[in-house]
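*Asks:* Got a structure here, written out as structure tokens. Questions coming.
The values are calculated or read from the model by the stated rules, or taken from the named source; none is laboratory data. On a predicted model such as this, the values are computed, not experimentally measured, just so you know. Using ideal geometry, Cβ is built from the backbone for each residue, glycine included, and neighbour counts are taken over all protein chains shown. The area values use the complete protein model at the heavy-atom level, side chains included, leaving out ligands, DNA and RNA. Shrake-Rupley method; radii C 1.70, N 1.55, O 1.52, S 1.80 Å.
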Number of protein chains: 2
Amino acid sequence: MQAEIIAVGTEILLGQVVDTNSAFIARELAEAGIEVYYHSLVGDNADRLTAVLERARSRSDLVIISGGLGPTKDDLTKQTVAQLLGVKLVEDEVAMAKIQHHFAVTGRKLTPNNRLQALYPAGSQSLKNTTGMAVGAFYQSPNGADMMLLPGPPSELEPMFLKEALPRLKQAYQRQEYLVSRVLRFFGIGESQLVTELGDLIANQTNPTIAPYAKETEVTLRLTASAENEAAGERLLDDMIATIKDRVGDYLYGYGDDNTLAQVVVNELIARHLTITAAESLTAGEFQSTLGDVPGVSAIFPGGFVTYANEAKHALLGVPEKTIAEQGVVSEATAKEMAERSRQKLDTDFGLSFTGVAGPDALEGQPAGTVWVGLAQRGQAPRAQLIRLAGTRAKIRERTVMTGLDWIRRILRDKK
Amino acid sequence: MQAEIIAVGTEILLGQVVDTNSAFIARELAEAGIEVYYHSLVGDNADRLTAVLERARSRSDLVIISGGLGPTKDDLTKQTVAQLLGVKLVEDEVAMAKIQHHFAVTGRKLTPNNRLQALYPAGSQSLKNTTGMAVGAFYQSPNGADMMLLPGPPSELEPMFLKEALPRLKQAYQRQEYLVSRVLRFFGIGESQLVTELGDLIANQTNPTIAPYAKETEVTLRLTASAENEAAGERLLDDMIATIKDRVGDYLYGYGDDNTLAQVVVNELIARHLTITAAESLTAGEFQSTLGDVPGVSAIFPGGFVTYANEAKHALLGVPEKTIAEQGVVSEATAKEMAERSRQKLDTDFGLSFTGVAGPDALEGQPAGTVWVGLAQRGQAPRAQLIRLAGTRAKIRERTVMTGLDWIRRILRDKK
């Protein structure tokens, strides 16, 4: 069972609009255990659309097409598909009644092209559009690939796909096995190192499969297991995750597509009633802003300091001018002072500090990417660690923030 | 001259990531007068990639491929292209030196797979990657389609395309007429309103063409003029821009692809030697962090305050507890106090403040999206404005930051 996805529309071909439909459909198909090997994108042009459709039919079992079902002259997807299938277009009476009602209510004139939206290729099942006018269609071919037609606007396509299309696809292509997947999130280890550490597992992957993916500051692994039932699939995942944790568990901060290191840290602080503040130099508020992204953070984060200039480090925090003058602003001593003094000022359990060279220029003879992260903890002497980062100003700052979050994560983990 | 675009990567094929590169490239090619008829997307699989590449070569003059240049086993784009072209991979010495330097600086081990990133197909021009490791390539074929290889991460692809690829494409496929374009950036006006205000200009556009594009918090217009020489093109642009400014110039904050409202404001403050600080509640440091993104900001930004909790507003800024108790924390009075007191504490020319409801929950009976922005100016009474925003927590915070920046922009503009 092999599907492919085609998006139709000149506005997406020219890049004026980004096609999000194909990714949406692909995710849902993967979930349902239907493999996708190709996406294509073509403009509102009957000849080129026909060529793309013919190729798709020749290499896939199911072709899902989005876009071009509307009422304008540009919209010619269903006419083209009907011609290719050698069938006529027929009218969906319910959809036609809805179109007539809409025009009656809004007092606009029903032009002939609007009737087009109620048509679908004969022999298909029509798919109801609850958020728009144009019906979709699912054509199961006795000889050749099946075809599915969906509207272009995501606000119409997504509900139609979930409510109308997916149940029909599952029925048509029911699989024996059950698919379960989990995403593992890592910080502090590069993609290449992770892939090296897990090299044999990745090389020999069959079930579960293991897919690494690198983002700007973190790496994820998606494990997908296929089994006869959900519990058996979960057991396969649990076993593989145990093996992975033995090797690189130190860098594993959490699970799930919709998760971040900040969420993990903030939620753990909330759970333990531990408060946090920060004094930020090169990050200029980005650490605190990242905490602020997490709903509920106000329970453990009263606020903090942005001390960009040396005078602000002295004026707002009371960092001795002597420390900065003698040790440098990018130094262990300054980082510790900033962390501990911010913690004391707001009487929190943790105080983080960040001082370093964001670039592009060097500072105090230290190159861009030289960063001290300070950490103060109630009842303990403050500490600081030196990190050396490369990349743009934005990347250096973002990685600095993540390093601070990860330090807290590790302390909380080890305190358990 | 006909180009097509191929995106490579299993994570985009499966829909885990939406491909924005193809749209970006398509827009830029349209701009440069190069027609695009097809986009395709294929996973990290050598056989299917080869099949897609062969078809593309047979029907197009230029094939632009993004993704799969990284260091992992999955990344096989350039090996596949080299094989198809019948050439070897050769090393870019500068890129190799950069990779070695990066690993030396960060103290990580240089594994053999990382060297892959410095390779490109022999006979190509290599394209420098200023924001990452993997080099790109432009292969001009004596017989058959030309090929261009670009990295997958948009943060690497976009600068490489603009700085390295586009000039080479323009040189290779030079047209008779000269194309010049300019991007106009707007904040505070929605796309639909902008398009309505400029409706007749957009409907009748021929030369220059006018392409609106909406982003999360701003709208851009790209004007492109075609003329026999650059000066004539610039004149056409100047005339159209004068007409546009007459209608919506109030919202126009700047020009250029690589520009932001923060850059415009920070650079104007630097030019006038005016300093700024802030006291942030709902934005939690995002305003200051946004200032911190701009190189050179230290000249006019000493630092500031994140006062998330009411106690922090009192303890760090001295906002009277009475004001907060009687007027509320989300109020004009509190916003003014925060702005003026932060300004006084750091003796700056401007002090901004942000207090409001980021959501998802209401606060003090006020719905999410209710925000007061305060502004203090040396020698003037502090002011505050109420804005009402909709959307997610992240959008509300981002729009709040932009509103603060735009307020400063307007004051500086009117002081001129």
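*Asks:* Do we find that A:Gly356 is in contact (Cβ under 8 Å) with a residue 24 or more places away in the chain, open to solvent by less than 20 Å² (accessible area, probe 1.4 Å), touching a Lys or Arg at 6+ places or on another chain (Cβ under 6 Å) and outside the structural domain of A:Ile189 (by TED's automatic domain parsing) in this structure? Explain how you work it out, then say what you get.
*Replies:* On the way: in contact (Cβ under 8 Å) with a residue 24 or more places away in the chain: yes; open to solvent by less than 20 Å² (accessible area, probe 1.4 Å): yes; touching a Lys or Arg at 6+ places or on another chain (Cβ under 6 Å): no; outside the structural domain of A:Ile189 (by TED's automatic domain parsing): yes.
When the stated conditions are applied, A:Gly356 does not pass them.
*Asks:* Moving on. Could you tell me which numbered condition A:Ala271 fails, if it satisfies all but one of (1) in the same structural domain as A:Val294 (by TED's automatic domain parsing); (2) without any contact (Cβ under 8 Å) to a residue 24 or more places away in the chain; (3) among the small types (Gly, Ala, Ser); (4) in contact with a Lys or Arg (Cβ under 9 Å, 6 or more places away or on another chain)?
*Replies:* Of everything listed in (1) in the same structural domain as A:Val294 (by TED's automatic domain parsing); (2) without any contact (Cβ under 8 Å) to a residue 24 or more places away in the chain; (3) among the small types (Gly, Ala, Ser); (4) in contact with a Lys or Arg (Cβ under 9 Å, 6 or more places away or on another chain), A:Ala271 misses just condition (4).
*Asks:* Do we find a residue being over 15 Å from B:Ser181 (Cα atoms) and of a type in the set (D, E, K, R) anywhere in the stretch B:272-282?
*Replies:* yes
*Asks:* Quick test for you: out of B:Ala358, B:Ala335, pick the one residue that is within 8 Å of another protein chain (Cβ to nearest Cβ), farther than 20 Å from A:Thr307 by Cβ and under 32 Å from the mean Cα position of the chain (by Cα).
*Replies:* Values: B:Ala335 fails: within 8 Å of another protein chain (Cβ to nearest Cβ).
Just one listed residue meets the conditions, B:Ala358.
Yes/no matrix, rows are residues, columns are (1) surrounded by fewer than 21 Cβ atoms within 10 Å (Cβ to Cβ); (2) without any contact (Cβ under 8 Å) to a residue 24 or more places away in the chain; (3) under 22 Å from the mean Cα position of the chain (by Cα):
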position	(1), (2), (3)
A:Ala3	no, no, no
A:Phe24	yes, no, yes
A:Gly33	yes, no, yes
A:His39	no, no, yes
A:Val42	no, no, no
A:Asp47	yes, yes, no
A:Leu62	no, no, no
A:Lys73	yes, no, no
A:His102	yes, no, no
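*Asks:* Need pairs with beta-carbon distance below 6 Å; first residue without any contact (Cβ under 8 Å) to a residue 40 or more places away in the chain and within the stretch A:389-407, second of a type in the set (Gly, Ala, Ser) and open to solvent by less than 40 Å² (accessible area, probe 1.4 Å); sequence gap 6+ or separate chains.
*Replies:* A:Leu389/A:Gly369; A:Ala390/A:Gly369; A:Arg393/A:Ala358; A:Arg393/A:Gly359
*Asks:* If I go through the stretch A:5-22 residue by residue, how many of them are hydroxyl-bearing (Ser, Thr, Tyr) and either at positive phi or open to solvent by less than 40 Å² (accessible area, probe 1.4 Å) (or both)?
*Replies:* From the stretch A:5-22, those hydroxyl-bearing (Ser, Thr, Tyr) are A:10, A:20, A:22; that's our starting set.
Cutting the leftovers down to either at positive phi or open to solvent by less than 40 Å² (accessible area, probe 1.4 Å) (or both) gives us A:22.
Total meeting the criteria: 1.
*Asks:* Quick one: count up the residues across the stretch B:292-316 that are open to solvent by 20 Å² or more (accessible area, probe 1.4 Å), at the interface with chain A (Cβ under 7 Å from one of its Cβ atoms) and at positive phi.
*Replies:* The number of residues fulfilling the criteria is 0.
*Asks:* Run down B:Asn129, B:Asn114 and say which single residue is of a type in the set (S, T, N, Q), open to solvent by less than 20 Å² (accessible area, probe 1.4 Å) and in a loop (DSSP other than H, G, I, E, B). Before the answer, list the steps.
*Replies:* On the way: B:Asn114 fails: in a loop (DSSP other than H, G, I, E, B).
Answer to the check: B:Asn129.
*Asks:* OK, next. Mind listing whichever residues of the stretch B:13-22 are closer than 25 Å to A:Gly256 by Cα and without any contact (Cβ under 8 Å) to a residue 60 or more places away in the chain?
*Replies:* Matches in the stretch B:13-22: B:Leu13, B:Leu14, B:Gly15, B:Gln16, B:Val17, B:Val18, B:Asp19.
*Asks:* Sticking with this structure for a sec: Right, B:Gly292: outside the structural domain of B:Ile387 (by TED's automatic domain parsing) and within 22 Å of the chain's Cα centre (by Cα) or not?
*Replies:* Values: outside the structural domain of B:Ile387 (by TED's automatic domain parsing): no; within 22 Å of the chain's Cα centre (by Cα): yes.
In short, no.
*Asks:* Of B:Leu162, B:Leu179, B:Leu194, which residue is closer than 22 Å to B:Asp61 by Cα and under 21 Å from the mean Cα position of the chain (by Cα)? Even if it seems obvious, please write down each step before you answer.
*Replies:* Details: B:Leu179 fails: under 21 Å from the mean Cα position of the chain (by Cα); B:Leu194 fails: closer than 22 Å to B:Asp61 by Cα.
That would be B:Leu162, the only listed residue that is closer than 22 Å to B:Asp61 by Cα and under 21 Å from the mean Cα position of the chain (by Cα).
*Asks:* Any idea which of (1) closer than 17 Å to B:Pro151 by Cα; (2) in contact with a Lys or Arg (Cβ under 7 Å, 6 or more places away or on another chain); (3) within 11 Å of chain A (Cβ to nearest Cβ) is the one B:Glu4 doesn't satisfy?
*Replies:* Evaluating B:Glu4 over (1) closer than 17 Å to B:Pro151 by Cα; (2) in contact with a Lys or Arg (Cβ under 7 Å, 6 or more places away or on another chain); (3) within 11 Å of chain A (Cβ to nearest Cβ) leaves (2) as the failure.
*Asks:* Given (1) in contact (Cβ under 8 Å) with a residue 40 or more places away in the chain; (2) buried (at least 17 other Cβ atoms within 10 Å of the Cβ); (3) more than 27 Å from the chain's Cα centre (by Cα), where does B:Ser124 come up short, assuming only one miss?
*Replies:* (1)
*Asks:* Filter the stretch A:369-388 down to residues that are facing another protein chain (nearest Cβ under 10 Å) and open to solvent by 20 Å² or more (accessible area, probe 1.4 Å), then give me how many there are.
*Replies:* The initial filter retains those residues of the stretch A:369-388 that are facing another protein chain (nearest Cβ under 10 Å), namely A:369-370, A:387-388.
From the residues that got through so far, the ones that are open to solvent by 20 Å² or more (accessible area, probe 1.4 Å) too are A:387-388.
So the count comes out to 2.
*Asks:* Of the residues B:Ser281, B:Ser289, which single one is under 29 Å from A:Leu363 (Cα atoms), modelled with pLDDT of 95 or more and surrounded by 22 or more Cβ atoms within 10 Å (Cβ to Cβ)?
*Replies:* On the way: B:Ser281 fails: under 29 Å from A:Leu363 (Cα atoms).
Testing whether each residue is under 29 Å from A:Leu363 (Cα atoms), modelled with pLDDT of 95 or more and surrounded by 22 or more Cβ atoms within 10 Å (Cβ to Cβ) leaves just B:Ser289.
*Asks:* Checking A:Arg48 against (1) out of contact with any His (no Cβ under 8 Å at 6 or more places or on another chain); (2) under 21 Å from A:Gly136 (Cβ atoms): exactly one of these is not met. Which one?
*Replies:* The single condition A:Arg48 does not satisfy is (2).
*Asks:* Given the stretch A:151-247, what helices (runs of 4 or more DSSP H) lie entirely inside it while holding 1 or more residues that are of a type in the set (Ser, Thr, Tyr) and surrounded by fewer than 15 Cβ atoms within 10 Å (Cβ to Cβ)?
*Replies:* Ranges flagged: A:154-160.
*Asks:* Could you grab me the full set of residues in the stretch B:248-262 that are modelled with pLDDT of 90 or more and open to solvent by 50 Å² or more (accessible area, probe 1.4 Å)?
*Replies:* Across the stretch B:248-262, the qualifying residues are B:Asp250, B:Tyr251, B:Tyr255, B:Thr260.
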